[in-house]
Amino acid sequence: MIASRWSSLLGLLCLIASHLAVAQDYPTHVITIVVPNAPGGPSDLFARWIGNLMSEQLGQQIIIENVGGASGTIGASRVAQAAPDGYTLLMHNVTFAAAPALYKRRTYDPLEDFDPIGLATRTPQVVVARKAIAANNLRELIAYIKTNQQTINLADAGRGSASYLCNLFFAQAIGASMTAISYRGMNPALNDLVAGQVDLMCDQVANTAEQIKAGNIRAYCVTAHEKVEQLPSLPTCDESGLAHLETSVWVALLGPRGMPQQVVFRLAFALRQALHDPTLARQLARLETTIASDDLATPEGLSAFLKVEVEKWNRTLNAMHVAPE
């Protein structure tokens with residue numbers, strides 16, 4: 001019995017020593033950030049910009065690997081199963097928090113299988129409609145929807161996408177049931193909205209601002225507490241009478257559960273330093289994206305934030321009777 005206890009203790013001490021050695025030397029080679037989306041989208045751009053700045057802080061190259069498919073669950077699964085040594089990380093967005101309510105066959109839990117490093121960015125979304133819709137403001141739009149909800153189509157970029165989630169959040173907030181039409185990406189969805197083939201959509205400002213400013217679609221409110229610079233006359237949903245419709249396309253950095261604490265701290269520090277870069281701030285501002293506050297760009301801050309987001313999307317999807325696949 002005593003020998004067994006000593007053996008267990010020795011094993012634990014070896015594990016601790018191994019973790020300390022990794023933490024002291026980290027990083028010694030290339031770090032990979034998995035982005036579970038296709039190249040070229042906002043999440044991918046943010047990961048590349050932030051990764052380059054973190055690379056300067058850490059003294060090692062950071063490469064971005066796009067592992068798309070299944071609304072981000074394939075890339076997230078890969079990181080969840082990776083060695084917890086700080087060399088394989090995940091840069092995911094809001095769809096990460098909705099996964100428990102959307103996919104029963106996923107191989108990970110966002111709250112149990114990852115070590116949070118920090119929230120990076122937040123981008124507000126906009127409620128938009130086809131140009132010819134008979135509503136001049138949000139109150140008129142809600143009245144129009146409630147009168148015609150059986151025939152109204154909501155476009156989104158695919159199940160689990162940020163636009164899909166925002167559409168559901170909006171529908172729940174106004175107490176309406178509309179027909180969802182999912183596309184393979186935002187561009188075809190937005191093209192059909194411009195062409196008047198679908199009625200409504202909710203998506204981030206970066207994707208919709210140019211069409212709004214050109215007058216090709218109508219915008220009703222922004223899902224943030226503050227107005228956006230690109231569309232200064234567009235009110236917030238709160239200002240328009242739809243209280244508490246606040247949601248954003250956030251991006252966060254995580255690693256597989258079990259990373260040495262000092263590695264997590266080193267990565268979180270590098271992330272915060274990157275987020276303070278003035279060039280990054282200018283790049284993000286052009287996309288109406290805000291940098292996360294220092295208290296959220298921490299392991300503790302992101303952990304608390306994720307718990308709220310997972311509960312929020314679980315509650316919303318259940319209320320809208322969305323069954324997990």
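Points to keep in mind about this one:
- Amide H contacts for PHE114 (H built 1.01 Å from N in the peptide plane; partners 5 or more residues away or on another chain; cut-off under 5 Å): ARG257.
- Where both bridge residues fall in the chain, DSSP classifies roughly 65% of the beta bridges as antiparallel.
- Considering every alpha-carbon pair of the chain, the percent of pairs per 10 Å bin, from zero through the bin containing the longest distance, is 6, 26, 32, 21, 10, 4, 2, 0, 0.
- Accessible area of THR147 in the full protein assembly, 1.4 Å probe (Å², nearest 10): 110 Å²
- The range 136-192 and the range 194-227: distance between their alpha carbon centers, rounded to Å: 12 Å
- Look at where the Cα atoms of the range 84-107 and of the range 240-298 average out, and the two centres are 16 Å apart.
- 19 Å Cα-Cα reach of LYS307 towards lysines, excluding residues that sit fewer than 8 places from it in its own chain: LYS104
- Converting phi to 3J(HN,Hα) with the Karplus coefficients 6.51, -1.76 and 1.60 and the offset θ = phi - 60°, the range 279-292 yields 5, 4, 4, 5, 4, 5, 4, 5, 9, 6, 9, 9, 7, 4 Hz in sequence order, with x at every glycine or proline.
- Karplus-derived 3J(HN,Hα), 6.51/-1.76/1.60, for each residue of the range 122-130, Hz, glycine and proline x: 9, 10, x, 10, 10, 7, 10, 9, 4
- Relative contact order for the chain: 26 percent, from Cα pairs under 8 Å spaced at least 6 residues apart, divided by residue count.
- Each of VAL228, VAL308 has its accessible area taken with a 1.4 Å probe; listed largest first, they run VAL308, VAL228.
- Bridging of LYS146 to lysines at a Cα separation below 20 Å is possible for LYS131, once same-chain residues fewer than 8 apart are set aside.
- Between the helical axis of 261-275 and the longest alpha-carbon principal axis of the chain there is an angle of about 40 degrees.
- Annotation: lysines with alpha-carbon distance below 18 angstrom to LYS227 (same-chain offsets under eight excluded): LYS213.
- Counted over the range 111-218, the DSSP beta bridges are approximately 60% antiparallel.
- Put simply, the amide H of VAL67, placed in the peptide plane, has neighbours under 5 Å in VAL35, ASN37, leaving out anything fewer than 5 places away on its chain.
- Whole-number percent relative contact order across the range 190-325, with pairs defined as alpha carbons under 8 Å at least 6 apart: 15 percent
- Exposure check, 1.4 Å probe, all protein chains in place: TYR144 carries approximately 60 Å² of accessible surface.
- Extension gain from SER233 to ASN136, taking 0.36 nm per residue of separation minus the Cα-Cα distance: 33.6 nm
The values are calculated or read from the model by the stated rules, or taken from the named source; none is laboratory data. None of these values were measured; they are calculated from a predicted model. The protein model used for the area step is the full one, side chains on, heavy atoms only, and it has no ligands, DNA or RNA in it. Shrake-Rupley method; radii C 1.70, N 1.55, O 1.52, S 1.80 Å.
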